[in-house]
Amino acid sequence: SQSVTLENCSLPNITVGKNGVRIVASGNTSVSVVRLETGAALIEVGLSGPGFETVTVTELAPAGAEITLDGNFANVNVYADTVKLVIAGGSVANMNIAETAVGSAINIAADAIVSSMTLDAAVSVTGQGTIETAKVNVSGSTFEQEPINVDKAEDIDVKTDTGGGSP
């Protein structure tokens, strides 16, 4: 797979349409918006600037597309359905799962933190990472690791699936 390194550069936005590209941001780099139309990896290493700020997985991303994010992201927006999003490390301040993202799978690695996650579609959330607040607006999502705070209406159903059977 191709690897692209952005070092000490400032870009208003980039669109990734080629599957499997690995984009590394380092030094004093800022990319305001990254639009992903396919599977890709966005990685921040040795960063002194803001790096990748907003990442949007567009509805063009095909089913099964694999997206890996490793770094500190302000906003991650998922519009594509049945994609696999891995937060491999670092943090996401705001993650938004749009109503079109049905059936997507979000994996949050053990040392990663999502401060706020808003779910407008039923998705599967796995991994041992921390979700500080989940705002759940539709029924049917499962969380392997229970969020610290769950904000939902009474009639919304959320399952915690720790993967273990009965004791």
### Those residues of segment 5-46 which are within 19 Å of V86 (Cβ to Cβ), open to solvent by 50 Å² or more (accessible area, probe 1.4 Å), assigned to a strand (DSSP E or B) and of a type outside the set (D, E, K, R), in sequence order
V45
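Restricting attention to segment 49-75, and to residues there that are among the β-branched types (V, I, T) and assigned to a strand (DSSP E or B), which single residue is most open to solvent (accessible area, probe 1.4 Å)?
Step one: of segment 49-75, the residues among the β-branched types (V, I, T) are 54-58, 67-68.
If we keep only those that are assigned to a strand (DSSP E or B) too, we end up with 54-57, 67-68.
On the way: T54: 29, V55: 1, T56: 19, V57: 2, I67: 1, T68: 47 Å².
Of everything passing the filter in segment 49-75, T68 is most open to solvent (accessible area, probe 1.4 Å).
What strands (runs of 3 or more DSSP E), lying completely within segment 76-167, carry at least 3 residues that are at pLDDT below 95? First the steps, then the outcome.
Values: elements: 84-97, 105-108, 113-119, 124-126, 130-136, 141-143, 149-152, 158-160.
Strands (runs of 3 or more DSSP E) meeting the threshold: 158-160.
The values are calculated or read from the model by the stated rules, or taken from the named source; none is laboratory data. Since this is a predicted model, take the numbers as computed values, not measurements. Positions of Cβ are generated from backbone atoms using ideal geometry, with glycine treated the same way; all protein chains shown enter the neighbour counts. Accessible surface is based on the protein model in full, side chains and every heavy atom, while ligands, DNA and RNA are left aside. Shrake-Rupley method; radii C 1.70, N 1.55, O 1.52, S 1.80 Å.
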